[in-house]
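Before any comments, here is the structure.
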Amino acid sequence: MTQNVRQPIISVLGHVDHGKTLLLDKIRGTTVASREAGAITQHIGATEIPVSTVEDICGRFLQKFAGEKMNIPGLLFIDTPGHEAFTNLRSRGGALADLAILVVDITEGFQPQTEESLNYLKRNKTPFVVAANKCDLIPGWRPNENACFLDTFPEQNSRVQKELDEKIYKIVGKLDEYGFQSERFDHVEKFRNQIGIIPTSAKTGEGIPELLAILSGLAQSYMKDELSIEVTGPARGTVLEIKKEKGLGKTIDSIIFDGTLSKQDKIAVGGLDKVIVSKVRALLQPKPLDEIRDPQERFKHVNNVSAAAGVKIAAPNIDEAIAGAPIWGIESDEEIDEICKMVKERIESVRIKTDKNGVVVKADTLGSLEALEHQLKAQDI
(Lines give C-alpha, C1' and ligand atoms only; values in the text may rest on other atoms or scores of the structure.)
Protein backbone atom coordinates (compact mmCIF):
# COMPACT_ATOMS: atom_id res chain seq x y z
CA MET A 1 0.00 0.00 0.00
CA THR A 2 1.23 3.52 -0.84
CA GLN A 3 2.06 5.77 2.11
CA ASN A 4 1.35 9.47 1.79
CA VAL A 5 0.89 12.55 3.92
CA ARG A 6 -2.66 13.90 4.05
CA GLN A 7 -3.77 17.41 4.92
CA PRO A 8 -4.58 17.96 8.59
CA ILE A 9 -8.27 18.20 9.54
CA ILE A 10 -8.77 21.44 11.48
CA SER A 11 -11.96 22.04 13.45
CA VAL A 12 -13.11 25.64 13.97
CA LEU A 13 -14.92 25.91 17.31
CA GLY A 14 -16.28 28.63 19.55
CA HIS A 15 -19.30 30.59 20.74
CA VAL A 16 -22.07 31.76 18.38
CA ASP A 17 -21.26 35.01 16.53
CA HIS A 18 -17.60 35.10 17.52
CA GLY A 19 -16.61 35.01 13.82
CA LYS A 20 -15.80 31.36 12.98
CA THR A 21 -17.41 31.31 9.51
CA LEU A 22 -16.35 34.90 8.75
CA LEU A 23 -12.75 33.93 9.48
CA LEU A 24 -13.00 31.06 6.98
CA ASP A 25 -14.81 33.33 4.48
CA LYS A 26 -11.86 35.73 4.66
CA ILE A 27 -9.41 32.88 3.93
CA ARG A 28 -11.58 31.40 1.15
CA GLY A 29 -12.77 34.67 -0.37
CA THR A 30 -16.39 33.48 0.01
CA THR A 31 -19.61 34.80 1.58
CA VAL A 32 -21.00 31.70 3.33
CA ALA A 33 -21.70 33.56 6.59
CA SER A 34 -23.98 36.15 4.99
CA ARG A 35 -25.99 33.39 3.26
CA GLU A 36 -26.71 31.54 6.53
CA ALA A 37 -30.15 32.03 8.09
CA GLY A 38 -29.76 34.84 10.65
CA ALA A 39 -26.03 34.82 9.74
CA ILE A 40 -25.67 31.85 12.13
CA THR A 41 -24.10 28.58 10.97
CA GLN A 42 -26.82 25.93 10.88
CA HIS A 43 -24.87 22.97 9.50
CA ILE A 44 -21.41 21.52 9.79
CA GLY A 45 -19.22 22.32 6.76
CA ALA A 46 -15.86 21.41 5.23
CA THR A 47 -13.45 23.44 3.11
CA GLU A 48 -10.16 22.51 1.48
CA ILE A 49 -7.44 25.20 1.48
CA PRO A 50 -4.70 24.22 -1.03
CA VAL A 51 -1.06 24.68 -0.08
CA SER A 52 -0.63 27.37 -2.78
CA THR A 53 -3.30 29.53 -1.06
CA VAL A 54 -1.65 28.98 2.33
CA GLU A 55 1.70 30.10 0.85
CA ASP A 56 0.15 33.17 -0.79
CA ILE A 57 -1.58 34.33 2.41
CA CYS A 58 1.27 33.57 4.82
CA GLY A 59 4.20 34.99 2.87
CA ARG A 60 7.38 35.20 4.94
CA PHE A 61 5.67 33.84 8.06
CA LEU A 62 5.33 30.38 6.60
CA GLN A 63 9.11 29.89 6.70
CA LYS A 64 9.27 31.32 10.23
CA PHE A 65 6.69 28.91 11.68
CA ALA A 66 6.57 25.96 9.25
CA GLY A 67 10.16 25.69 7.98
CA GLU A 68 11.70 25.80 4.52
CA LYS A 69 9.30 23.47 2.71
CA MET A 70 5.62 22.63 3.05
CA ASN A 71 5.21 18.85 2.95
CA ILE A 72 1.46 18.79 3.58
CA PRO A 73 -0.92 19.21 0.62
CA GLY A 74 -2.99 21.91 2.33
CA LEU A 75 -5.45 22.32 5.21
CA LEU A 76 -8.98 20.88 5.54
CA PHE A 77 -11.21 23.03 7.75
CA ILE A 78 -14.39 21.87 9.48
CA ASP A 79 -16.71 24.73 10.44
CA THR A 80 -19.09 23.94 13.31
CA PRO A 81 -22.15 25.87 14.53
CA GLY A 82 -21.59 27.83 17.75
CA HIS A 83 -25.21 28.11 18.87
CA GLU A 84 -25.96 26.10 22.03
CA ALA A 85 -28.58 24.07 20.12
CA PHE A 86 -25.86 22.45 17.99
CA THR A 87 -23.99 20.61 20.74
CA ASN A 88 -23.95 17.30 18.80
CA LEU A 89 -22.60 18.88 15.63
CA ARG A 90 -19.83 20.61 17.54
CA SER A 91 -18.75 17.42 19.27
CA ARG A 92 -18.73 15.66 15.89
CA GLY A 93 -16.40 18.29 14.40
CA GLY A 94 -14.20 18.33 17.51
CA ALA A 95 -13.84 14.55 17.67
CA LEU A 96 -12.79 14.37 14.02
CA ALA A 97 -10.02 16.95 14.14
CA ASP A 98 -6.21 16.67 14.18
CA LEU A 99 -5.96 20.33 15.18
CA ALA A 100 -8.44 23.04 16.15
CA ILE A 101 -8.91 26.79 16.21
CA LEU A 102 -10.82 28.06 19.23
CA VAL A 103 -12.32 31.39 18.12
CA VAL A 104 -12.86 33.90 20.95
CA ASP A 105 -14.31 37.38 20.49
CA ILE A 106 -11.55 39.47 22.09
CA THR A 107 -14.09 42.10 23.21
CA GLU A 108 -16.43 39.54 24.89
CA GLY A 109 -13.98 36.91 26.15
CA PHE A 110 -15.08 33.38 27.11
CA GLN A 111 -18.79 32.52 26.69
CA PRO A 112 -20.74 29.28 27.42
CA GLN A 113 -19.98 27.62 24.06
CA THR A 114 -16.32 28.70 24.27
CA GLU A 115 -16.04 26.73 27.51
CA GLU A 116 -17.98 23.78 26.09
CA SER A 117 -15.66 23.71 23.03
CA LEU A 118 -12.63 23.84 25.31
CA ASN A 119 -13.95 20.82 27.22
CA TYR A 120 -14.22 18.87 23.93
CA LEU A 121 -10.66 19.76 23.00
CA LYS A 122 -9.39 18.75 26.43
CA ARG A 123 -11.36 15.48 26.43
CA ASN A 124 -10.17 14.53 22.92
CA LYS A 125 -6.60 15.79 23.60
CA THR A 126 -6.79 17.88 20.40
CA PRO A 127 -3.92 20.39 19.96
CA PHE A 128 -5.30 23.87 19.29
CA VAL A 129 -4.57 27.56 18.88
CA VAL A 130 -6.78 30.48 19.94
CA ALA A 131 -7.87 33.09 17.40
CA ALA A 132 -8.55 36.19 19.53
CA ASN A 133 -10.90 37.61 16.91
CA LYS A 134 -12.43 41.06 16.29
CA CYS A 135 -9.30 42.98 17.34
CA ASP A 136 -10.50 45.69 14.89
CA LEU A 137 -13.33 46.46 17.40
CA ILE A 138 -10.88 47.70 20.03
CA PRO A 139 -11.59 51.47 20.19
CA GLY A 140 -9.00 53.40 18.21
CA TRP A 141 -7.74 50.36 16.23
CA ARG A 142 -6.25 51.44 12.91
CA PRO A 143 -7.11 48.67 10.42
CA ASN A 144 -4.57 47.46 7.88
CA GLU A 145 -6.24 45.17 5.35
CA ASN A 146 -4.87 41.56 5.29
CA ALA A 147 -1.75 42.58 7.22
CA CYS A 148 0.26 40.31 9.46
CA PHE A 149 -0.44 41.06 13.11
CA LEU A 150 3.28 41.62 13.75
CA ASP A 151 3.24 44.39 11.08
CA THR A 152 -0.04 46.06 12.08
CA PHE A 153 0.41 45.96 15.89
CA PRO A 154 3.41 48.35 16.08
CA GLU A 155 1.36 50.89 14.05
CA GLN A 156 -1.35 51.07 16.76
CA ASN A 157 -1.06 53.73 19.45
CA SER A 158 0.20 52.70 22.90
CA ARG A 159 -3.30 52.82 24.50
CA VAL A 160 -4.68 50.38 21.89
CA GLN A 161 -1.64 48.11 22.30
CA LYS A 162 -2.09 48.10 26.08
CA GLU A 163 -5.82 47.32 25.81
CA LEU A 164 -5.19 44.42 23.39
CA ASP A 165 -2.56 42.93 25.70
CA GLU A 166 -4.89 43.24 28.70
CA LYS A 167 -7.63 41.38 26.81
CA ILE A 168 -5.18 38.66 25.79
CA TYR A 169 -4.06 38.19 29.40
CA LYS A 170 -7.70 37.69 30.38
CA ILE A 171 -7.80 34.81 27.85
CA VAL A 172 -4.48 33.51 29.26
CA GLY A 173 -6.07 33.53 32.73
CA LYS A 174 -9.18 31.64 31.56
CA LEU A 175 -7.08 29.01 29.77
CA ASP A 176 -5.00 28.62 32.93
CA GLU A 177 -8.20 27.69 34.82
CA TYR A 178 -8.54 24.76 32.41
CA GLY A 179 -4.94 23.69 32.94
CA PHE A 180 -3.52 25.14 29.70
CA GLN A 181 -0.36 27.25 29.58
CA SER A 182 -0.76 29.96 26.93
CA GLU A 183 0.82 33.15 25.63
CA ARG A 184 0.50 35.58 22.73
CA PHE A 185 1.91 33.60 19.82
CA ASP A 186 5.03 35.74 19.31
CA HIS A 187 6.00 35.14 22.97
CA VAL A 188 5.55 31.35 22.81
CA GLU A 189 8.83 29.48 23.24
CA LYS A 190 7.54 25.99 22.43
CA PHE A 191 4.18 25.37 20.78
CA ARG A 192 4.21 21.81 22.12
CA ASN A 193 3.99 23.18 25.67
CA GLN A 194 2.03 26.40 25.25
CA ILE A 195 -1.16 27.41 23.43
CA GLY A 196 -0.54 30.25 20.98
CA ILE A 197 -3.07 33.10 21.06
CA ILE A 198 -3.23 34.92 17.72
CA PRO A 199 -5.06 38.27 17.55
CA THR A 200 -7.11 38.28 14.32
CA SER A 201 -9.81 40.21 12.50
CA ALA A 202 -12.12 38.25 10.21
CA LYS A 203 -13.29 41.62 8.86
CA THR A 204 -9.92 43.10 7.87
CA GLY A 205 -7.91 39.86 7.53
CA GLU A 206 -5.29 41.02 10.06
CA GLY A 207 -3.52 38.16 11.86
CA ILE A 208 -4.72 35.50 9.39
CA PRO A 209 -1.22 35.02 7.85
CA GLU A 210 0.19 34.05 11.29
CA LEU A 211 -2.85 31.88 12.11
CA LEU A 212 -2.39 29.74 8.97
CA ALA A 213 1.41 29.67 9.31
CA ILE A 214 1.25 28.42 12.92
CA LEU A 215 -1.35 25.73 12.06
CA SER A 216 0.85 24.57 9.16
CA GLY A 217 3.90 24.55 11.44
CA LEU A 218 2.12 22.52 14.14
CA ALA A 219 0.97 19.98 11.55
CA GLN A 220 4.44 19.64 10.01
CA SER A 221 6.43 19.58 13.25
CA TYR A 222 4.33 17.42 15.55
CA MET A 223 1.92 15.35 13.46
CA LYS A 224 3.99 13.40 10.92
CA ASP A 225 2.71 10.03 12.19
CA GLU A 226 -0.95 11.09 12.49
CA LEU A 227 -0.95 12.48 8.94
CA SER A 228 0.63 9.41 7.33
CA ILE A 229 -2.06 7.45 5.51
CA GLU A 230 -2.57 4.44 3.28
CA VAL A 231 -3.61 6.14 0.06
CA THR A 232 -4.47 2.97 -1.80
CA GLY A 233 -6.27 1.26 1.10
CA PRO A 234 -10.06 1.19 1.59
CA ALA A 235 -11.69 4.45 2.72
CA ARG A 236 -12.42 5.30 6.33
CA GLY A 237 -14.56 8.30 7.09
CA THR A 238 -17.28 9.96 9.15
CA VAL A 239 -20.76 11.18 8.24
CA LEU A 240 -21.11 14.93 8.86
CA GLU A 241 -24.67 15.43 7.58
CA ILE A 242 -27.42 13.67 5.62
CA LYS A 243 -28.90 16.00 2.99
CA LYS A 244 -31.40 15.85 0.16
CA GLU A 245 -29.90 17.05 -3.12
CA LYS A 246 -31.85 17.88 -6.26
CA GLY A 247 -31.61 15.01 -8.75
CA LEU A 248 -29.64 12.79 -6.34
CA GLY A 249 -32.04 12.16 -3.46
CA LYS A 250 -30.49 11.64 -0.02
CA THR A 251 -26.71 12.21 0.06
CA ILE A 252 -24.02 11.98 2.73
CA ASP A 253 -21.71 14.93 3.44
CA SER A 254 -18.62 13.20 4.77
CA ILE A 255 -14.98 13.52 5.70
CA ILE A 256 -12.69 10.76 4.41
CA PHE A 257 -9.69 10.60 6.74
CA ASP A 258 -7.92 7.46 5.48
CA GLY A 259 -7.59 5.54 2.23
CA THR A 260 -9.33 6.17 -1.10
CA LEU A 261 -13.03 6.05 -2.00
CA SER A 262 -14.03 5.45 -5.63
CA LYS A 263 -17.23 5.38 -7.62
CA GLN A 264 -18.83 1.90 -7.53
CA ASP A 265 -17.07 1.05 -4.23
CA LYS A 266 -19.13 -0.78 -1.64
CA ILE A 267 -19.44 1.03 1.68
CA ALA A 268 -20.79 0.24 5.14
CA VAL A 269 -22.46 3.18 6.93
CA GLY A 270 -23.97 3.34 10.41
CA GLY A 271 -27.78 3.59 10.26
CA LEU A 272 -30.61 4.22 12.71
CA ASP A 273 -31.36 0.54 13.33
CA LYS A 274 -28.72 -1.33 11.35
CA VAL A 275 -25.52 -1.03 9.36
CA ILE A 276 -26.29 -0.05 5.75
CA VAL A 277 -24.28 -1.64 2.95
CA SER A 278 -24.52 0.34 -0.28
CA LYS A 279 -22.65 1.08 -3.51
CA VAL A 280 -21.30 4.55 -4.32
CA ARG A 281 -23.25 5.94 -7.27
CA ALA A 282 -21.58 9.38 -7.42
CA LEU A 283 -18.90 11.37 -5.60
CA LEU A 284 -19.20 15.15 -5.58
CA GLN A 285 -16.62 17.59 -4.31
CA PRO A 286 -16.70 21.34 -3.87
CA LYS A 287 -13.85 23.10 -5.67
CA PRO A 288 -10.87 24.02 -3.46
CA LEU A 289 -11.69 27.09 -1.32
CA ASP A 290 -15.40 26.34 -1.63
CA GLU A 291 -17.76 25.01 1.03
CA ILE A 292 -19.33 21.52 1.01
CA ARG A 293 -22.24 22.98 3.00
CA ASP A 294 -23.07 25.84 0.62
CA PRO A 295 -20.87 25.87 -2.49
CA GLN A 296 -20.83 29.05 -4.57
CA GLU A 297 -20.25 26.97 -7.67
CA ARG A 298 -21.76 23.59 -8.47
CA PHE A 299 -20.09 20.47 -7.10
CA LYS A 300 -17.78 18.68 -9.50
CA HIS A 301 -18.25 14.95 -10.12
CA VAL A 302 -15.08 13.00 -9.35
CA ASN A 303 -14.19 9.33 -9.83
CA ASN A 304 -12.32 8.99 -6.53
CA VAL A 305 -11.13 10.92 -3.48
CA SER A 306 -8.14 10.28 -1.24
CA ALA A 307 -7.80 11.34 2.39
CA ALA A 308 -8.21 13.84 3.78
CA ALA A 309 -11.19 15.17 1.88
CA GLY A 310 -14.69 16.51 2.30
CA VAL A 311 -16.96 14.73 -0.19
CA LYS A 312 -20.66 14.31 -0.90
CA ILE A 313 -21.60 10.67 -1.48
CA ALA A 314 -24.69 9.67 -3.47
CA ALA A 315 -25.69 6.02 -2.97
CA PRO A 316 -28.95 4.02 -2.86
CA ASN A 317 -30.77 3.17 0.41
CA ILE A 318 -28.84 5.56 2.66
CA ASP A 319 -31.93 7.36 4.04
CA GLU A 320 -31.44 5.76 7.46
CA ALA A 321 -27.75 6.72 7.79
CA ILE A 322 -27.01 8.86 10.84
CA ALA A 323 -24.76 11.86 11.25
CA GLY A 324 -21.64 11.07 13.25
CA ALA A 325 -21.61 7.42 12.11
CA PRO A 326 -18.53 5.81 10.54
CA ILE A 327 -18.20 5.07 6.80
CA TRP A 328 -15.97 2.13 5.85
CA GLY A 329 -14.99 1.05 2.36
CA ILE A 330 -15.43 -2.67 1.61
CA GLU A 331 -12.83 -4.29 -0.66
CA SER A 332 -14.36 -7.77 -0.93
CA ASP A 333 -17.66 -9.49 -0.07
CA GLU A 334 -15.83 -11.74 2.43
CA GLU A 335 -15.18 -8.64 4.58
CA ILE A 336 -18.80 -7.45 4.78
CA ASP A 337 -19.82 -9.21 8.01
CA GLU A 338 -16.65 -8.26 9.83
CA ILE A 339 -16.80 -4.58 8.73
CA CYS A 340 -20.51 -4.31 9.61
CA LYS A 341 -19.70 -5.63 13.07
CA MET A 342 -16.97 -3.00 13.54
CA VAL A 343 -19.21 -0.18 12.27
CA LYS A 344 -22.01 -1.29 14.60
CA GLU A 345 -19.65 -1.20 17.58
CA ARG A 346 -18.73 2.38 16.75
CA ILE A 347 -22.27 3.73 16.58
CA GLU A 348 -23.27 5.36 19.82
CA SER A 349 -26.86 5.29 21.02
CA VAL A 350 -29.20 7.04 18.59
CA ARG A 351 -29.30 10.75 19.29
CA ILE A 352 -32.84 11.49 18.15
CA LYS A 353 -35.65 10.17 20.33
CA THR A 354 -39.27 10.44 19.20
CA ASP A 355 -42.52 10.31 21.14
CA LYS A 356 -46.16 9.41 20.49
CA ASN A 357 -47.35 12.82 21.77
CA GLY A 358 -45.91 16.22 20.94
CA VAL A 359 -45.18 18.17 17.79
CA VAL A 360 -44.18 17.08 14.28
CA VAL A 361 -40.81 18.51 13.33
CA LYS A 362 -39.37 18.68 9.80
CA ALA A 363 -35.83 19.80 9.07
CA ASP A 364 -33.54 19.95 6.04
CA THR A 365 -30.75 17.92 7.66
CA LEU A 366 -30.35 15.47 10.49
CA GLY A 367 -28.07 17.97 12.26
CA SER A 368 -30.83 20.59 12.35
CA LEU A 369 -33.29 17.96 13.55
CA GLU A 370 -30.94 17.05 16.41
CA ALA A 371 -30.69 20.72 17.38
CA LEU A 372 -34.49 21.19 17.32
CA GLU A 373 -35.01 18.03 19.36
CA HIS A 374 -32.45 19.27 21.89
CA GLN A 375 -34.25 22.64 22.21
CA LEU A 376 -37.74 21.07 22.46
CA LYS A 377 -36.56 18.64 25.13
CA ALA A 378 -35.19 21.56 27.14
CA GLN A 379 -38.70 23.08 27.06
CA ASP A 380 -40.32 19.77 28.11
CA ILE A 381 -42.10 19.46 24.73
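The values are calculated or read from the model by the stated rules, or taken from the named source; none is laboratory data. This structure is a prediction, so every number in the text was calculated from the model and none was measured. Ideal geometry is used to build each Cβ from the backbone, glycine not excepted, and the neighbour counts take in all protein chains shown. Heavy atoms of the whole protein, side chains included, go into the accessibility calculation; ligands, DNA and RNA do not. Shrake-Rupley method; radii C 1.70, N 1.55, O 1.52, S 1.80 Å.
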Taking 56 Å as R0, compute the FRET efficiency from the Cβ-Cβ separation of TYR222 and LYS250 and round it to 0.05. 0.90
Counting alpha carbon pairs within less than 8 Å and at least 6 residues apart, what relative contact order, in whole percent, applies to segment 236-351? 35 percent
Where does each of VAL360, VAL54 land when they are ordered by accessible area, with a 1.4 Å probe and the largest first? VAL360, VAL54
One finds, for ASP273 and ASN124 with R0 = 25 angstrom and r their Cβ-Cβ distance, a FRET efficiency to the nearest 0.05 of 0.35
For segment 105-246, diffusion coefficient by Stokes-Einstein and Kirkwood Rh (Cα), 20 °C, 1.002 mPa s, µm²/s: 126 µm²/s
The equivalent-ellipsoid semi-axes of segment 187-233, taken as the square roots of five times the Cα gyration tensor eigenvalues and listed largest first in whole Å, are 26, 16, 6
Give, in nm to one decimal, the length gained when the segment between ASP333 and LYS356 is fully stretched (0.36 nm per residue of separation minus the Cα-Cα distance). 4.3 nm
Phi-derived 3J(HN,Hα) across segment 330-345 with the Karplus relation (6.51, -1.76, 1.60, θ = phi - 60°), rounded Hz, x for Gly and Pro, is 10, 8, 9, 4, 5, 7, 3, 4, 5, 5, 4, 5, 5, 5, 4, 4
Using a 1.4 Å probe on the protein heavy atoms, what percent of the accessible area of segment 236-351 belongs to carbon and sulfur? 45 percent
Taking R0 as 30 Å and r as the Cβ-Cβ distance between THR232 and ARG60, the FRET efficiency 1/(1 + (r/R0)^6), rounded to the nearest 0.05, comes to 0.20
At 1.4 Å probe size, with the rest of the protein present, what percent of the exposed accessible area of segment 172-232 is carbon and sulfur atoms? 43 percent
Surface per residue (accessible, 1.4 Å probe) for segment 236-351, Å²: 47 Å²
Pop out the ³J(HN,Hα) list for segment 50-57 in order, Karplus 6.51 cos²θ - 1.76 cosθ + 1.60 with θ = phi - 60°, rounded to Hz; leave Gly and Pro as x. x, 4, 4, 5, 4, 5, 5, 6
Applied in sequence order to segment 202-213, the curve 6.51 cos²θ - 1.76 cosθ + 1.60 (Karplus, θ = phi - 60°) yields integer Hz couplings, x standing for Gly and Pro, of 5, 7, 9, x, 5, x, 5, x, 5, 4, 5, 5
For segment 236-351, report the convex hull volume of the alpha-carbon atoms normalised per residue, in Å³, without decimals. 95 Å³
What residues qualify as long-range amide H neighbours of ALA309, i.e. H under 5 Å apart, gap of 5 or more or another chain, H built at 1.01 Å from N? ILE256
